Amino acid sequence: MHKFVAIVGTNSDNSTNRKLLQFMQKHFADQATIELVEIKGLPMFNKPEDKQIPAQAQAMAKQIDQADGVIISTPEYDHSAPAALMNALEWLSYYVNPFADKPVMITGASYGSLGTSRAQEHLRQILDSPELRARIMPSSEFFLGHSLQAFDDDGNLVDQTKLAKLEDLFADFQTFVDITKQLNHANAANKQEIHDIDWANR
Amino acid sequence: MKLVGIAGSVADKSYNRLLLKYIAREFKDVVDLDVLDINDVPLFNQSDDQTDSPAVQAISNKILAADGVIIATPEHNHTITASLKSLIEWLSFNIHPMSGKPVMIVGASYYDQGSSRAQLNLRQILESPGVDAIVMPGNEFLLANVKTVFDENDNLKDDRTVSFLKETLGKFTKFVKVINKMNEKEDPGWQSEDLESHGKVETTVEGVDMHAADWVEKAAEKTNAAEGDDYVKLDRGLLTVNQLNYFLNSMPIELTYADANNQFIYYNHFLEAKDMLAARTPGQAGNPMADCHPKRAIPHVQQVIHMLRTGQTDMFRLPVPGMGPDKYVMHYYKAMHDAKGEYKGINELVLDIMPIVQYYLKHTGQMLVKDPDADTDAVSGASTNTKPEKTDAVSGASADTEPEKPATAEPEKPDEVSGASANS
Ligand SMILES: Cc1cc2nc3c(=O)[nH]c(=O)nc-3n(C[C@H](O)[C@H](O)[C@H](O)COP(=O)(O)O)c2cc1C
């Protein structure tokens with residue numbers, strides 16, 4: 001069974017994105033182990049000269065490193081991913097490389113009707129950067145619009161069409177993870193290149 | 001032109017900050033650029049609203065008061081930094097100071113084209129509805145290879161880069177003017193100034209007759225006002241009400257406070273009306289400004305207030321002759337604003353500047369002589385033969401807000417525009 005890390009893409013206490021990941025954790029329990037990871041508590045990224053990242057970020061990096069894949073659920077703030085998520089990804093690319101060649105599935109929940117379409121595109125662009133080099137599952141988008149109304153009292157997705165889509169995408173992700181494992185020839189080189197990025201120079 | 005500069009970095013060393021500081025120095029004749037610090041801005045959190053934190057408020061207020069904003073962005077992970085994004089989120093959550101603001105984006109990076117993606121991203125973010133800024137199209141200024149482009153004094157070495165930057169900045173100043181013109185609210189005109197104070201502002205004390213001679217006592221009772229030895233916290237200090245009175249009453253200037261509702265609510269009462277340069281009586285405090293002026297002076301007063309309220313001028317100066325050759329009495333009308341730039345009324349300062357002039361002449365061994373080229377009789381008040389003023393102090397300062405009848409400051413009725421006058 002695959003082991004996935006699910007990153008809650010916000011530091012907000014009442015997050016519908018957290019609800020979505022909690023639902024996935026429960027709903028897919030017989031297909032995969034999903035561990036939720038919080039980004040709340042990380043300090044603001046400031047490019048420290050000692051090249052040290054906070055203990056919390058180190059623990060996250062380790063968890064991601066050991067996982068078969070990562071699910072990130074992002075809110076949308078100002079047509080883009082929240083600063084808190086960008087901040088976590090800055091730490092997770094600073095002289096560490098947990099995302100290198102890591103399969104990533106992106107989901108997103110927002111209060112409006114578009115359901116984070118722009119934030120997800122932004123997040124793809126970030127994860128595709130030379131500092132992160134994640135392997136984002138292509139042609140797969142899960143948008144949960146009107147997210148405040150999307151769950152029942154037990155935290156289950158109300159909309160059955162949405163649920164079916166999520167199940168299909170999750171099945172695809174499982175396959176994508178297996179395929180990605182075979183695309184491994186450049187793994188070492190990729191990790192090395194990230195490691196060699198001189199952050200003092202950007 | 002007042003601009004604020006925001007460098008999207010909280011790292012100790014930032015070439016983007018260096019670039020903004022350079023622009024502020026090099027082009028200080030073109031723009032007044034205040035480079036802000038974003039280091040103390042907390043990471044945005046939707047469930048922990050820190051909009052009111054000093055760091056966010058300070059930046060918001062400076063943006064509100066500025067004509068435009070220049071943002072210098074680094075590029076991390078193909079996008080802008082979390083620290084810059086976090087600031088923008090605060091400025092789009094419960095407050096929206098960027099709304100309608102002209103913005104120019106620049107970026108410094110270590111490589112060729114290093115910040116182009118971040119700049120594009122930033123543009124999209126700034127134009128999202130919650131932020132609602134107006135970003136200057138085109139004109140990307142990407143400073144590449146930053147390690148080699150600054151000299152030891154942190155100035156840009158390459159003349160072509162400097163002239164391109166200058167050209168871009170020149171375009172931005174035009175852009176700022178156009179956008180701010182577009183944003184201007186329709187001016188209802190000086191006739192809209194209500195000197196009867198029918199409206200109300202946040203501080204207006206309701207239910208007390210403004211015309212009453214004991215308005216101060218009644219309004220103080222109603223508001224449970226601090227008095228005597230009660231402490232008042234001020235920017236910057238702490239005084240008791242008594243101390244505040246000692247302080248204000250020892251100013252060698254007659255001070256009058258007229259609020260944004262055109263109500264005369266205070267003067268520093270250290271002289272009797274007959275000894276004042278602009279007479280006020282204790283019973284007048286609280287009056288609508290219309291009570292304190294002769295009817296024919298009302299349009300002039302309205303014009304001056306309106307210019308101050310709408311920011312056409314920050315201070316209006318009016319010499320008021322008629323007190324003999326030994327005095328040169330100036331009335332200064334200074335607009336007051338809160339930290340957000342909101343109009344809060346007028347501070348009228350009345351003083352005789354002759355003693356100051358005399359003191360200066362005596363101590364520097366100089367004397368006054370008539371300027372043979374002067375076409376206005378500007379110094380007439382100070383010269384021995386006092387001639388009636390011909391220049392039109394009020395309407396002359398605002399050609400586009402002329403009253404129906406041209407205004408003339410008549411020497412024998414000196415206090416037409418001032419906040420109050422006891423004998424009218
Ligand atoms: C600063 C700010 C900006 C926002 N901008 C957007 C936006 O551009 N598009 C959108 O659909 N929702 C926007 N929202 C509302 C979000 O949909 C909502 O806060 C969030 O996505 C819900 O995710 P969560 O429940 O996991 O916190 C914004 C909210 C905040 C606080």
Restricting segment B:274-305 to residues that are part of a loop (DSSP other than H, G, I, E, B) and of a type in the set (S, T, N, Q), the one surrounded by the most Cβ atoms within 10 Å (Cβ to Cβ) turns out to be B:Asn287
Only residues that are part of a loop (DSSP other than H, G, I, E, B), facing chain A (nearest Cβ under 8 Å), surrounded by 20 or more Cβ atoms within 10 Å (Cβ to Cβ) and out of contact with any Pro (no Cβ under 9 Å at 6 or more places or on another chain): list them for segment B:46-78, please.
B:Pro74, B:Glu75
Which residue, of A:Glu35, A:Glu49, is within 14 Å of another protein chain (Cβ to nearest Cβ) and either more than 16 Å from the ligand (Cβ to nearest atom) or of a type in the set (D, E, K, R) (or both)?
A:Glu49
Residues that are in a strand (DSSP E or B), more than 16 Å from the ligand (Cβ to nearest atom) and touching a Gly at 6+ places or on another chain (Cβ under 8 Å): does segment A:71-89 have at least one?
no
Filter segment B:99-129 down to the residues that are within 22 Å of A:Ile126 (Cα to Cα), touching a residue at least 24 places away in the same chain (Cβ under 8 Å) and part of a loop (DSSP other than H, G, I, E, B) and list them by number.
B:Ser109, B:Tyr110, B:Tyr111, B:Asp112, B:Gln113, B:Gly114, B:Ser115, B:Ser128
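Could you tell me whether segment A:19-31 includes any residue that is outside any strand (DSSP E or B), of a type in the set (S, T, N, Q) and near the ligand (Cβ under 9 Å from one of its atoms)?
no
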If you check every pair at least six apart or on different chains, which have Cβ atoms under 7 Å apart with a residue in segment B:1-16 that is within 10 Å of chain A (Cβ to nearest Cβ) first and a residue that is assigned to a loop (DSSP other than H, G, I, E, B) and of a type in the set (Val, Ile, Thr) second?
B:Ser9/B:Thr81; B:Val10/B:Ile38
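Quick one: would you say A:His27 is more than 13 Å from chain B (Cβ to nearest Cβ), over 22 Å from A:Asn190 (Cα atoms) and not aromatic (Phe, Trp, Tyr)?
Values: more than 13 Å from chain B (Cβ to nearest Cβ): yes; over 22 Å from A:Asn190 (Cα atoms): yes; not aromatic (Phe, Trp, Tyr): yes.
So A:His27 passes the test.
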Only one of B:Ala108, B:Ala144, B:Ala118 is in contact with a helix residue (DSSP H, G or I) (Cβ under 6 Å, 6 or more places away or on another chain), within 14 Å of chain A (Cβ to nearest Cβ) and aliphatic (A, V, I, L, M). Can you tell me which?
B:Ala108
By residue number, the members of segment B:199-225 that are of a type outside the set (Lys, Arg) and farther than 13 Å from B:Gly286 by Cα are B:Gly199, B:Val201, B:Glu202, B:Glu221, B:Thr223, B:Asn224, B:Ala225
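Among the residues of segment B:137-146, is any charged (D, E, K, R) and either modelled with pLDDT of 95 or more or not in a loop (DSSP other than H, G, I, E, B) (or both)?
Within segment B:137-146, not a single residue is charged (D, E, K, R) and either modelled with pLDDT of 95 or more or not in a loop (DSSP other than H, G, I, E, B) (or both).
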Does at least one position in segment A:64-81 carry a residue that is within 13 Å of another protein chain (Cβ to nearest Cβ) and over 21 Å from A:Ile126 (Cα atoms)?
no
Kindly provide the set of residues from segment B:79-105 that are hydrophobic (A, V, I, L, M, F, W, C) and away from chain A (no Cβ under 13 Å), ordered by number.
B:Ile95, B:Val103, B:Met104, B:Ile105
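Only one residue in A:Thr107, A:Thr175 is β-branched (Val, Ile, Thr), buried (at least 21 other Cβ atoms within 10 Å of the Cβ) and more than 14 Å from chain B (Cβ to nearest Cβ), so which one is that? Talk me through it step by step, then tell me what you get.
On the way: A:Thr175 fails: buried (at least 21 other Cβ atoms within 10 Å of the Cβ).
After applying the criteria, what remains is A:Thr107.
The values are calculated or read from the model by the stated rules, or taken from the named source; none is laboratory data. On a predicted model such as this, the values are computed, not experimentally measured, just so you know. All Cβ positions, glycine included, derive from the backbone under ideal geometry; neighbour counts span all protein chains shown.
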